[in-house]
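To keep things clear, I will list the structure first and then write my remarks on it.
The values are calculated or read from the model by the stated rules, or taken from the named source; none is laboratory data. The structure displayed is predicted, hence computed values, not measured ones. Neighbour counts run over all protein chains shown; Cβ positions are idealised from the backbone, glycine included. Heads up: the accessible areas ignore ligands, DNA and RNA and are worked out on the full protein's heavy atoms, side chains in. Shrake-Rupley method; radii C 1.70, N 1.55, O 1.52, S 1.80 Å.
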Amino acid sequence: RLRSPEIQKFDFQIVRQGERKKIEVIRSYKNLSHVQFEVVSGMRNFAILTLTKFSRGVCEEIANKIKASADQNIVGMVLDLRDNPGGQLDEAACIAGLFLGMNKKTYSVEFFDPLKSNEIVLSTGSLLYTGPLVVAINSASASASELLSGALKDYRRAILIGEKSFGKGTF
């Protein structure tokens, strides 16, 4: 019943300590953005870019936000990847390009199978931001988050702050 798109309303009964409670839930659909972009104004303006997941289209969305903020005199940016579980690796390669430029090594794929060739994945996005960059990570930053933050660190393009990441970035 929960998976059926035709059913829009659900009635539940919850029993706690002998007491029954009826709850009605109405289904709704919302497209949630995995990208938040905020310009903090002050003596010097800086941007906070929060990415909660590497889903399809986030690179283009980030690029559009950076372009739209071009006239706001941003002197620094924080890329917040805390609690980001990862996602589409090609989006990570695209986002890397926004800060590194095209054709920079973003990550490599090493196969255990000797019959498969290892791969080097290059950044694909066009360079849009060259100012100071800080990347915030924590113990829940995994996979594509680790690959992107590692590439930005390796190219000395960003300073990483926070905690040791999850440890899944061994692609």
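Here are a few things to note about the model shown:
- The calculated FRET efficiency for residue 112 paired with residue 163, based on their beta-carbon distance and R0 = 30 Å, is about 0.55.
- Helix-only [θ]222 nm of the chain, DSSP H runs n ≥ 4, -39500 (n - 2.57) each, per residue, nearest 500: -6000 deg cm²/dmol
- Which of 50, 32, 148, positive extreme of dipole for the chain (C-beta unit charges): 32
- Degrees separating the helix 144-154 axis from the principal Cα axis of the chain, which is the longest one: 20
- Residue 128-residue 71 pseudo-label distance in nm [points 7 Å out on the Cα-to-Cβ vector]: 1.7
- Three-way shape label, region 36-163, alpha-carbon gyration tensor, a/c 1.5: prolate
- Restriction of the chymotrypsin sites (Phe, Trp or Tyr not before Pro) in region 78-148 to DSSP coil positions whose beta-carbon has at most 16 other beta-carbons within 10 angstrom yields 111, 112.
- For the chain, the solvent-accessible area works out to 66 Å² per residue, with a probe of 1.4 Å and every protein chain left in place.
- For the chain, the relative contact order comes to 18 percent (Cα pairs under 8 Å, sequence separation of at least 6).
- For the residue pairs 22/53; 116/153; 53/164, the C-alpha atoms sit more than 30 angstrom apart in 22/53.
- Sparsely packed loop sites in region 1-88 (the trypsin sites (Lys or Arg not before Pro) outside DSSP H, G, I, E and B with at most 15 other Cβ atoms within 10 Å) comprise 1, 3, 27, 30, 44, 56.
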